[in-house]
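K.L.:
I have a structure here, written as structure tokens, and I will follow up with some questions on it.
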Amino acid sequence: MSEPRINERIRVPEVRLVGPSGEQVGIVRVEDALRLAEEAGLDLVEVAPDARPPVCRLMDYGKFKYESAMKARDARRNQANTQLKEIQFRPKIDEHDYATKMGHVQRFLKGGDKVKCIVRFRGREQSRPELGIRLLQRVAEEVSELGNIESHPRQDGRNMVMVLAPTRKKAEVKSDQRRRREAARASRRAEKQAARAAREAKAEPKATEATTEGD
């Protein structure tokens, strides 16, 4: 994105001026707008060059650029691309295998990822699509607090597919994880400081005794 024109670089007869708090000043000569900017200790910044006349705003452009850069940095730091994880089931899956796979589904959803649940049919199982529908409905019900159905069960060749979306965005999950790590580090630092203080307090009476005996 190109830099906007500011102050003397704005070479038009008139501008539609917006004040520093967003108030509409109106159409003024560019010389008057520059004078108002100088008197206020601010910059005249062209924010809508294609408007007729161009829209300009009074602002501290250096501060604006700094804050924009910080927001962009935070957005990049918090950005997390949601992934689509796949979990495969069989129509007549045993309970132990089902529990294992459900653990994966829950872990993925807690991590902010989508989950593509696939029921694979073999041979004559293809004539019993209701088995797949019941199984996927059970999956969705058991993780309803962690995710919701984004794509309802549908037949796709020999497979039946359902997509679950997490209720929390991945960026929120990452932010919570970062806060927990910082809290854990702070707790460990506090424990170390308390232990060091206890050792120093324990050592002080011995040092006092040694000094007394020396006297």
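K.L.:
As a check on your grasp of the helix formula, calculate [θ] at 222 nm for the chain: sum -39500 (n - 2.57) over DSSP H runs of n ≥ 4, divide by the residue count, round to the nearest 500.
P.N.:
My calculation for the chain gives -16500 deg cm²/dmol from helical runs alone.
K.L.:
For the chain, with only Lys/Arg (+1) and Asp/Glu (-1) charged at the beta-carbon, what is the dipole magnitude about the Cα centre, in debye rounded to 20?
P.N.:
Charge dipole of the chain: 1400 debye, to the nearest 20.
K.L.:
Connecting C-alpha atoms closer than 10 Å in a GNM of the chain, tell me which of E145, E67, E31 has the biggest fluctuation.
P.N.:
For the chain, modelled as a Gaussian network with Cα springs under 10 Å, the answer is E31.
K.L.:
Compute the Cα gyration tensor for the chain, then decide on rounded, prolate or oblate, letting a ≥ b ≥ c be the square roots of its eigenvalues: rounded whenever a/c is under 1.5, prolate when a/b is larger than b/c in the other cases, and oblate in all that remain.
P.N.:
Verdict is oblate for the chain.
K.L.:
Let me ask something else about it. Run the accessible area of the chain with a 1.4 Å probe and give the carbon-and-sulfur part as a rounded percent.
P.N.:
Looking at the chain in its full context, I get 48 percent from C and S.
K.L.:
Then there is this: Just want to confirm a number: the relative contact order over the chain, from Cα pairs under 8 angstrom separated by 6+ residues, in percent.
P.N.:
14 percent
K.L.:
For A197 and L84 in the same chain, what is the full-extension length gain: residue separation times 0.36 nm, less their Cα-Cα distance, in nm?
P.N.:
35.7 nm
K.L.:
On a 29 Å Cα-Cα criterion, which of the cross-link pairs K71/K192; K92/K169; K110/K192; K92/K114; K71/K169 come out too long?
P.N.:
From the list (K71/K192; K92/K169; K110/K192; K92/K114; K71/K169), the Cα-Cα distance tops 29 Å for K71/K192; K92/K169; K110/K192.
K.L.:
I want the antiparallel fraction of DSSP beta bridges within the chain, as a percent rounded to 5.
P.N.:
Taking every DSSP beta bridge with both residues in the chain, the antiparallel ones total about 75 percent.
K.L.:
Evaluate the distance, in nm, between pseudo-label points positioned 7 Å from the Cα of E125 and of E38 along their respective Cα→Cβ axes.
P.N.:
The two pseudo-label positions are separated by 8.1 nm.
K.L.:
Hey, another quick one. Leaving out ligands and nucleic acids, and using a 1.4 Å probe, what accessible area per residue does the chain come to in Å²?
P.N.:
69 Å²
K.L.:
Another question, then. Across the stretch 73-147, how large is the tail of the calculated P(r) beyond 13 Å, expressed as a percent of all Cα pairs?
P.N.:
Summing the P(r) tail past 13 Å for the stretch 73-147 gives 69 percent.
K.L.:
Separate question: Take each of the peptides 112-125, 182-195, 4-17, average the number of other beta-carbon atoms within 10 Å over its residues, and list them starting from the highest.
P.N.:
Put in order of decreasing packing, that is 112-125, 4-17, 182-195.
K.L.:
Grab the beta carbon distance between S68 and V25, set R0 = 25 Å, and tell me the FRET efficiency rounded to 0.05.
P.N.:
0.60
K.L.:
Which residue, L44, L146, L109, tops the fluctuation ranking in a GNM of the chain built on C-alpha contacts under 10 Å?
P.N.:
L44
The values are calculated or read from the model by the stated rules, or taken from the named source; none is laboratory data. Computed from a prediction, not measured in an experiment: that's the story for all the values here. In this analysis, Cβ positions are derived from the backbone assuming ideal geometry, glycine residues included, and neighbour counts consider all displayed protein chains. Only protein heavy atoms, including side chains, enter the accessible area calculation; ligands, DNA and RNA are left aside. Shrake-Rupley method; radii C 1.70, N 1.55, O 1.52, S 1.80 Å.
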